[in-house]
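To keep things clear, I will list the structure first and then write my remarks on it.
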Amino acid sequence: MLVALYGRVSTQRQENERTIESQIMEIETFVKEKGHVIVKRYLDDGWSGASVVRPSLDELRLDATKGIWEAVVVYDPDRLARDYFLQELVTTELLGIGVEILYVTTPPVVSDSDKLLRDVKGVFAAYERSKIAERCRIGKLRKTREGHIVTTIAPYGYKKIPKKRTVEAHYEIDPLEAKVVKDIFRWVGEDKMTIRGVVRKLRDLGIKPRNSERGVWNHSTLQRLLKNETYIGTTYYNKSQAVVPVKPLKNEKYKRVLKSSRKSKPREEWVAIPVPVIIEKNLFYKVQEQLRINFELCVRNRRNEYLLVGMVYCNCGRRRTGEGPQHGKHLYYRCTDRIHCHPLPRSCHEHGMNARIVDKLVWQGIANYMSNPDLIVDKIRLWKATKSSRTNETTINVDMLKKELEKLSKEEQRYLKAYGSGMVTMGVFKSSIDDLKLRRHAIERQIDKADKEIKETNVLLPEESDVAKFCDLAQETLKELSFEAKRAILLKVVDKIIGNQKELKIQGYLPIERNQNVELWSECRDCRFAKRR
């Protein structure tokens, strides 16, 4: 039989330890013993089993409809998904197509009792996994409250000594890294340097971080290092928990880990663990004060009016942010590539765009589009044509529903006569009348809904002259709007602006809702001058 092979490991550690190769070896042995032939392999390395949205599994589910192979061989049901119900979802889908699923660790399902045993085993396996996770969590809390280290990676400046028979895991100071940490704190606390200045100095001295593809220190890394209380003798466990991001930076279809964000816990839930001291408390708090001063005095943090901030992107794909040199005398939208690449040379060489000119051009374009009489008239005509066709269809449907209502009334009269003459019992009569009432109420609701739709179409629409007057008034109003009002409109209308000094491309839409506070009225319609003329 032609079969496909599927394997999955969930963590980076399992991926590095090549546990997926162990799965493949067991599956290949199983296939060889059964006399099957592996046609294709589907492997998800480092993908969580909490979701069935995985690239190789999706490819397998698509190929299952093509008839390339007859069955899928999996090492264990939890390789498909951790949740029993997700396992059943994939299993039912494949079996519905006619594809058999073979497990190395579980015998095939032959009867209903075998299926029941497999289902019970899956439920208990899910329960056992949750119990193991809870026990591990309680165990880690107990060990940390006793003063032991349970983290996997030590902060920069320390090295973790693993647990031995008589000694628990703990941190020890790394002399070389600790010297760098002391220098960083001294440069900021005593020499009053900024973090960007520290980045440049570390690069000039050839000091590289512990793990970095670029080989240079990041601003965020140093920010966390300078605020880390571990260096004054106390590290904390249970500070945060993994959560699903509310506003993810990347809206990718496939996510290795669903809970990729962290949420801080209340400080009273933190567990303090004593560690060796690298930085004196006086210097640590002096650094915190200097970081606050640097933030307040930073020129980039001064507020200027950037109408399109957060919407402008460079042609290279990175976002453009506002920058006001000479204390805000000149405002520009500059590509953030030079910030992300710092202190290395930048890869994007697009020039900055004058923010005042870009803001003016974009707002004028949006305002002209919103108050364009030709566009509004075209939309009115399209609305009229669409509504007229829908009105005709609705009218026909209403007539049919009214005829159906008349039939129900006649049928009800027949049941009354039959009950009066003793041809049907009270029970039959009552159940029949109740059924007729339900059908009557349903038809009446449909008629009321259709009448409302007809009334909505019979509205007074403006003439082209009225539209022109409205657009003139709208243009004058849009010119006099405040910065906050313009900003609020653009946030609703504009999705993205891409371009450089020569060209701008605006992506967005005008959201028009039925329940907006928009109404039409006529001025001086009933006055004596209008009547006379």
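Tabulated data
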item	result
Flag if V53 is of a type in the set (A, V, I, L, M, F, W, C), at negative phi and surrounded by fewer than 19 Cβ atoms within 10 Å (Cβ to Cβ)	yes
Residues within region 188-243 that are buried (at least 17 other Cβ atoms within 10 Å of the Cβ) and in contact with a Gly (Cβ under 7 Å, 6 or more places away or on another chain), tallied	1
Residue, farthest from Q241 (Cα to Cα), within region 264-293, restricted to residues that are surrounded by 12 or more Cβ atoms within 10 Å (Cβ to Cβ) and in contact with a strand residue (DSSP E or B) (Cβ under 8 Å, 6 or more places away or on another chain)	I278
Among residues of region 412-432, those that are assigned to a helix (DSSP H, G or I) and surrounded by 14 or more Cβ atoms within 10 Å (Cβ to Cβ), counted	6
Helices (runs of 4 or more DSSP H) enclosed by region 17-103 - at least 1 residues per element that are touching a Gly at 6+ places or on another chain (Cβ under 7 Å)	19-34, 84-97
Candidates R224, R203, filtered to the one that is out of contact with any helix residue (DSSP H, G or I) (no Cβ under 7 Å at 6 or more places or on another chain), assigned by TED's automatic domain parsing to the domain that holds D174 and more than 30 Å from E146 (Cβ to Cβ)	R203
Members of region 259-274 that are touching a Pro at 6+ places or on another chain (Cβ under 9 Å) and not charged (D, E, K, R)	S260, S261
Helices (runs of 4 or more DSSP H) completely within region 320-411 that count 3 or more residues being surrounded by 12 or more Cβ atoms within 10 Å (Cβ to Cβ) and at pLDDT below 85	337-341, 355-370
Top-ranked residue of region 149-163 - restricted to ones that are more than 11 Å from Y231 (Cα to Cα) and within 32 Å of the chain's Cα centre (by Cα), ranked as modelled with the highest pLDDT	A154
Boolean, E134 is in a helix (DSSP H, G or I), acidic (D, E) and out of contact with any Lys or Arg (no Cβ under 7 Å at 6 or more places or on another chain)	yes
Qualifying position, being within 20 Å of I376 (Cβ to Cβ), over 24 Å from the mean Cα position of the chain (by Cα) and modelled with pLDDT under 80, among E476, E513, E453	E513
Test: residue in region 1-13 that is out of contact with any Phe, Trp or Tyr (no Cβ under 7 Å at 6 or more places or on another chain), buried (at least 19 other Cβ atoms within 10 Å of the Cβ), β-branched (V, I, T) and not assigned by TED's automatic domain parsing to the domain that holds V257	yes
Cβ-Cβ under 7 Å pairs, at least 6 apart or on other chains, region 230-247 side more than 29 Å from K281 (Cβ to Cβ), far side outside any strand (DSSP E or B) and not small (G, A, S)	A242/K259; V243/K259; V244/L258; V244/K259
Exclusive hit being modelled with pLDDT of 85 or more and closer than 26 Å to I279 by Cα, set E93, E134, E177, E100	E177
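The values are calculated or read from the model by the stated rules, or taken from the named source; none is laboratory data. Because the structure is predicted, anything quoted here is derived from the model rather than measured. For neighbour counting, all protein chains shown are included, and Cβ atoms are generated from backbone atoms with ideal geometry for every residue, glycine included.
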